[in-house]
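The values are calculated or read from the model by the stated rules, or taken from the named source; none is laboratory data. Just so you know, these numbers come straight off a predicted model, no measurement behind them. Neighbour counts are summed over all protein chains in view; Cβ atoms, including those assigned to glycine, are modelled from backbone coordinates with ideal geometry. Side chains are part of the model used for accessible areas, which takes the heavy atoms of the whole protein and leaves out ligands, DNA and RNA. Shrake-Rupley method; radii C 1.70, N 1.55, O 1.52, S 1.80 Å.
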Amino acid sequence: MRLLLAEDDVMIGEALVMALRDAAYRVDWVQSGSAALLALELGQHQALLLDLGLPECDGLAVLQQLRNLANAIPVIILTARDDVATRIQGLDLGADDYLVKPFNLPELLARLRAVLRRQGGQVSSVYRVGQLSLDAHTHEATFAENTARLSAKEFALLQVLMLSSGQILSRSVLEERVYGWNEEVESNAIDFLIHGIRKKLGNSAIKNIRGAGWMVSKT
Ligand code: CA
């Protein structure tokens, strides 16, 4: 899952990027409203964590513009403004959730899982596709009789494949969805992750379509 964080406070931004990466999210961080809008035009992110007090274009204006463009990306507002009027305005403009700073990190992660699974039409934090299941909370995966805990990047990759089950995803698409802007991607990184997942879950957990990419089948 790749997130966009729009936060102009450097200390909060750095702490959040680190915490979210530890939780296996790919995170790109921008520090102004206009940069957030520009980044979202690329359509690479699955959720937006949005501070309200941002330079250039404030968070509520970002949200309004996104929804005017019919961009349905899940948005969680993170802000120090705790007055009820601003909260109502944020939710009415199309935010999916609202957390007041200082917030508790495990709560943010739980709310993030909640908005992401609503977006994916999932009813719990366990993704299921065919014989595969993947717990977004514990990063435990099961395929047939095999159960294993995945590393952060293995989790991120399998989640991307499961969310697009039945579709072949190429190496470049997987790299784009699994890694953030500032991360170095080794040329064989995806193969390495696929190898690791297959070793834990069995070869047929992920299908290789020669020359095209990889997929998780729906059945
Ligand atoms: Ca701010």
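Between N208 and S133, the simple spin-label model (points 7 angstrom out along Cα→Cβ) gives 2.9 nm.
Prolate is the label for the stretch 36-85, because the ratio a/c of its alpha-carbon gyration tensor axes (a ≥ b ≥ c) is 1.5 or higher and a/b is greater than b/c. With every protein chain in place and a 1.4 angstrom probe, the accessible-area ranking of L201, L37, largest first, reads L37, L201. Membrane-span-like helices in the chain, defined purely by DSSP H runs whose alpha carbon atoms cover 20 Å or more axially and whose average Kyte-Doolittle hydropathy reaches -0.5, are 105-119. The P(r) of the stretch 79-219 has a tail past 20 Å containing 54 percent of all C-alpha pairs.
Any lysines with Cα under 28 Å of the K218 Cα? List them, leaving off those in the same chain fewer than 8 positions away. Filter leaves K153, K199, K200, K207. Placing a pseudo-label 7 Å from each Cα along the Cα-to-Cβ vector at Q64 and D82 gives an inter-label distance of 2.6 nm. Calculated accessible area for the chain comes out at 49 Å² per residue, all protein chains present (probe 1.4 Å; ligands, DNA, RNA ignored). Choose one answer from I194, I88, I206: the residue with the largest mean-square fluctuation in a GNM of the chain with alpha-carbon springs under 10 Å. Most flexible of the set in this elastic network: I88.
Going by a ≥ b ≥ c, the root eigenvalues of the Cα gyration tensor, does the stretch 2-120 fall in the rounded group (a/c under 1.5), the prolate group (a/b larger than b/c) or the oblate group? Rounded.
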